[in-house]
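Engineer: Here it is: the structure, laid out below.
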Amino acid sequence: MAFPCAAITLRLSVLAFLPIAVSAGSTILLLGDSMAAYAGPSTERSVNTLQTACLGSTVVNEGVTGETASAWNDGDPSLTTAFSAGSGWTHAWLSLGANDLSDDCSLTKDMIKGRLETTVSNIKALNSDIKVVFTGYCIAAVDESCGLSVYYDKVAVAQREIAAADSAVTFVDIAEECGGTIQPISNGDSQYFEDDGLHLNQAGYEKVWAMSGAQQAFGCEDGDGGGAGDDDDAGDDDDDAGDDDDDAGDDDDDAGDGGNTVDTSSATRAGSLAAVLLAAATMFYSKGFISTR
């Protein structure tokens with residue numbers, strides 16, 4: 001005996017009340033200097049390198065070539081204008097400090113740290129829930145004006161210390177990711193840089209964004225729809241960025257220092273859509289909202 005399939009008819013008005021949770025991806029604002037600007041999309045590069053590498057994300061670039069933390073703190077460029085380029089920001093990548101030092105090599109690490117702390121404070125004033133990500137800079141393929149090691153010792157270390165003291169800030173150490181080394185100091189690999197040897201090319205950004213620490217810090221989704229690197233603890237004591245026993249910029253390096261952990265709760269799923277619909281259908285059938293024929 002053949003049984004006809006039961007067609008389930010849901011009243012459309014009921015659908016609005018289905019308890020389905022949808023997890024939104026990261027919405028990332030790029031702020032800072034040419035390191036941010038060259039990440040694209042911008043006049044420097046049409047490709048949106050971070051959005052391409054960070055699954056589920058939406059990335060807007062407001063980086064300005066040549067700018068300093070001091071200039072951003074003075075309102076030119078304007079953080080308020082940058083934030084108005086979109087809404088719902090979950091993360092801000094802040095690439096600043098190198099130009100401050102290039103303008104005055106005598107600046108100490110604490111001076112640069114103070115400027116960056118002010119920028120972070122100004123960002124939080126515009127969005128108290130945002131997560132700020134620092135990465136420092138890849139060691140350049142050519143000699144820097146103040147010396148290769150100085151940029152790491154003063155800028156990257158300042159950023160790492162800020163992250164260690166502020167749970168809303170994460171530091172991912174990319175210094176050695178582009179072929180350079182800190183101890184002994186050596187230049188980066190030119191294959192990851194533009195012809196000037198200072199700015200990353202597309203291959204350089206792809207390498208940096210592929211780091212597990214970067215994927216975690218920006219809340220990128222993995223191929224299965226979960227948070228990238230969910231099994232890794234960002235800021236694990238064994239993998240502190242810049243630790244003497246680890247290579248800064250290693251793919252296994254964790255984002256952050258001092259125990260800061262990247263929140264990957266945005267990637268948590270309430271359950272499969274099919275399971276939710278089945279449970280809802282069962283409930284509404286029992287209440288008489290669903291008829292079968």
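Engineer: Find how much the distance from SER87 to ASP129 grows on full extension, using 0.36 nm per residue of separation minus their present alpha carbon separation; answer in nm with one decimal.
Structural biologist: 13.9 nm
Engineer: As an exercise, use a Förster radius of 30 Å and the Cβ-Cβ distance of ALA165 and ASP195 to find the FRET efficiency, rounded to the nearest 0.05.
Structural biologist: 0.20
Engineer: Probe radius 1.4 Å, ligands and nucleic acids left out: which of TYR38, TYR152, TYR205 has the largest accessible area, and how do the rest follow?
Structural biologist: TYR38, TYR152, TYR205
Engineer: Can you tell me which lysines have their Cα less than 20 Å from the Cα of LYS154? Leave out same-chain residues fewer than eight positions away.
Structural biologist: LYS109, LYS113
Engineer: In whole Hz, with x marking every Gly and Pro, tabulate ³J(HN,Hα) for the stretch 126-141 from phi via Karplus 6.51 cos²θ - 1.76 cosθ + 1.60, θ = phi - 60°.
Structural biologist: Once rounded to whole Hz, the list reads 8, 7, 6, 9, 6, 9, 9, 10, 9, 10, x, 9, 4, 4, 5, 7.
Engineer: I would also like to ask the following. Each residue of the stretch 166-175 in turn: what ³J(HN,Hα) in whole Hz from Karplus with 6.51, -1.76, 1.60 and θ = phi - 60°, glycine and Pro shown as x?
Structural biologist: In residue order, the calculated couplings are 9, 5, 8, 10, 10, 10, 10, 7, 9, 3 Hz.
Engineer: Let me ask something else. Give the peptides 31-37, 102-108, 63-69 in descending order of average Cβ contacts within 10 Å, highest first.
Structural biologist: 31-37, 63-69, 102-108
Engineer: Which far-off residues, 5 or more places away or on another chain, put their amide H under 5 Å from the one on PHE171, with H placed in the peptide plane?
Structural biologist: Correct list: PHE134, GLY256, ASP257.
Engineer: What ranking of GLU44, GLU176, GLU206 comes out by heavy-atom accessible area, probe 1.4 Å, highest first?
Structural biologist: From most exposed to least exposed: GLU206, GLU44, GLU176.
Engineer: Taking amide H positions as placed 1.01 Å from N in the peptide plane, with prolines and chain starts having none, which residues 5 or more places from TRP93, or on another chain, fall under 5 Å of its amide H?
Structural biologist: LEU29, LEU30, LEU31, VAL133
Engineer: If you average the alpha carbon positions of the stretch 170-204 and of the stretch 75-119, how far apart do those two centres end up, in angstrom?
Structural biologist: Centre-to-centre distance over Cα atoms comes out at 21 Å.
Engineer: Moving on to the next point. Provide the gained length on full extension for the span SER106 to SER121, in nm with one decimal, where the gain is 0.36 nm per separating residue minus the Cα-Cα distance.
Structural biologist: 3.0 nm
Engineer: Taking amide H atoms as placed 1.01 Å from N in the peptide plane, list the residues 5 or more away in sequence, or in a different chain, whose amide H sits under 5 Å from that of GLY179.
Structural biologist: Amide H neighbours of GLY179, under 5 Å, 5+ apart: ASP189.
The values are calculated or read from the model by the stated rules, or taken from the named source; none is laboratory data. Please read all numbers here as calculations on a predicted model, not as lab measurements. Counting neighbours? That spans all protein chains shown, and the Cβs are built from the backbone with ideal geometry, glycine included. Surface areas here come from the heavy atoms of the whole protein model, side chains and all, with no ligands, DNA or RNA. Shrake-Rupley method; radii C 1.70, N 1.55, O 1.52, S 1.80 Å.
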